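The values are calculated or read from the model by the stated rules, or taken from the named source; none is laboratory data. Treat the numbers as computed from the prediction; the structure is a model and nothing was measured. Every residue, glycine among them, receives a Cβ derived from its backbone with ideal geometry; neighbour counts consider all protein chains shown.
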Amino acid sequence: MQSWLDIAGSFVIGTFILLIIINVNLFTSSSAAENLYTNISQENLVATASVIEHDLYKAGFRVSGEKIALADSTELKFYCDIDNNGTRDSIHYSLGDLSQMTSTFNPNDRILYRSWNNESPKPSSVVVDFKLVYHDSLGAVINYSSLNNTSFRNKIKTISASLSIQSAEPIDGFYQGAEWQKNIIPKNL
């Protein structure tokens, strides 16, 4: 009878140890996936932010007359000589609709478009949020409704850009992500 109790006790203890090992394994897998998706989001964010930052610093470079053609919370079109060849170029950023991204699990994914010289917009990155805020020379925020007027767009001296990117798939119900925000003061505005 004692041997049956020893076997049953060993079975119970072995089951607990096996469950602990499985739980540790699942936690390790979840942590590895979380780290992977966070790193991918951060790499995408750095690449996208570098292009945006480079472009915005060039706003108005070697351009006379109108330097900003369109300014809104999620859309910006400006003129500059981006490739330094002596001709005026236009750069246009715009944020796509939520309905355009049905191929990812993340319901907040949107396409950030970038077009150069009025060519058809090309996807720059998949983002969750892209927001622009404009400031005058005193640092005061310029109201979006007044930016329909060229004279108010000419008052823009600082562009605050923020960008959020998340993973396409959730880990334990959460999307891993990264955010970037910067105040950019183009020298030529």
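Points worth noting:
- Among the residues listed as Ile52, Ile20, Ile40, Ile13, the single one being over 23 Å from Ser160 (Cα atoms), touching a residue at least 24 places away in the same chain (Cβ under 8 Å) and either hydrophobic (A, V, I, L, M, F, W, C) or assigned to a loop (DSSP other than H, G, I, E, B) (or both): Ile40
So that you can scan it fast, the table gives a plain yes or no per residue for (1) more than 20 Å from Ala161 (Cβ to Cβ); (2) aliphatic (A, V, I, L, M):
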{"site": "Gly60", "(1), (2)": "no, no"}
{"site": "Thr74", "(1), (2)": "no, no"}
{"site": "Asp81", "(1), (2)": "yes, no"}
{"site": "Asn84", "(1), (2)": "yes, no"}
{"site": "Ile91", "(1), (2)": "no, yes"}
{"site": "Gly96", "(1), (2)": "no, no"}
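- Tally, over the stretch 86-104, of residues that are among the charged types (D, E, K, R) and either exposed (fewer than 14 other Cβ atoms within 10 Å of the Cβ) or under 17 Å from the mean Cα position of the chain (by Cα) (or both): 1
- Of all residues in the stretch 59-71, those that are modelled with pLDDT of 95 or more have Cβ atoms under 6 Å from Cβ atoms of residues that are among the β-branched types (Val, Ile, Thr), 6 or more apart or on another chain, in Ile68/Ile156.
- Check on Val46, touching a Ser or Thr at 6+ places or on another chain (Cβ under 8 Å), under 14 Å from Ser162 (Cα atoms) and not hydroxyl-bearing (Ser, Thr, Tyr): no
- Test result for Ala33, in contact (Cβ under 8 Å) with a residue 12 or more places away in the chain, assigned to a helix (DSSP H, G or I) and in contact with a Phe, Trp or Tyr (Cβ under 7 Å, 6 or more places away or on another chain): no
- Just one of the numbered conditions (1) surrounded by 15 or more Cβ atoms within 10 Å (Cβ to Cβ); (2) on the phi > 0 side of the Ramachandran plot; (3) not aromatic (Phe, Trp, Tyr) is not true of Gly173: (1).
- Flag for Glu43 being within 30 Å of Asn154 (Cα to Cα), surrounded by fewer than 15 Cβ atoms within 10 Å (Cβ to Cβ) and charged (D, E, K, R): no
- All of (1) without any contact (Cβ under 8 Å) to a residue 24 or more places away in the chain; (2) touching a helix residue (DSSP H, G or I) at 6+ places or on another chain (Cβ under 9 Å) hold for Val126 with one exception: (1).
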